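To start, the structure under review is shown below, and the notes come after it.
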């Protein structure tokens with residue numbers, strides 16, 4: 001019953017989109033899921049490898065325990081990939097080009113400054129003040145601290 005409903009929903013989705021789009025979507029979703037779950041599986045196998053030697057204290061052969069657990073972990077990964085792919089295929093929404101353009105326009109508008117009518121926009125930063133050992137901006141060739149940066153020279 002549940003499988004039949006899933007098949008019906010999938011066929012409805014295939015009618016909603018073209019078969020080419022559905023195959024492309026299946027391909028993308030499956031590859032993304034395999035990549036994600038495979039990376040997680042590799043990390044889990046590393047953890048299993050690090051801790052499997054503790055099984056010897058429990059009178060278990062570590063090699064046999066590693067084989068059994070790694071098989072179970074691989075089987076679990078395969079099932080997770082299958083379930084997640086089917087779930088995403090039945091729930092995925094494809095955005096039209098109009099939606100994408102609208103989102104990009106909204107993003108550009110929000111980045112270009114305040115859109116709420118206030119005067120505040122982007123912060124304009126002044127040029128950094130010269131350091132004491134930098135050349136003086138007046139062009140004298142002296143260090144800033146010996147020329148315009150010296151408070152004693154301001155009165156002259």
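A few points about this structure:
- Qualifying residue in the stretch 93-105 (condition: touching a residue at least 24 places away in the same chain (Cβ under 8 Å) and surrounded by 13 or more Cβ atoms within 10 Å (Cβ to Cβ)): no
- Taken as a whole, the condition of being closer than 30 Å to residue 3 by Cβ and either over 27 Å from the mean Cα position of the chain (by Cα) or not in a helix (DSSP H, G or I) (or both) applies to residue 72.
- Members of the stretch 13-34 found to be in a helix (DSSP H, G or I) and more than 15 Å from residue 88 (Cα to Cα), listed by number: 15, 16, 19, 20
Bear in mind that the values in this text are calculations on the coordinates, not laboratory data. What you see is a predicted model; the values in this text were computed from it and never measured. All Cβ positions, glycine included, derive from the backbone under ideal geometry; neighbour counts span all protein chains shown.
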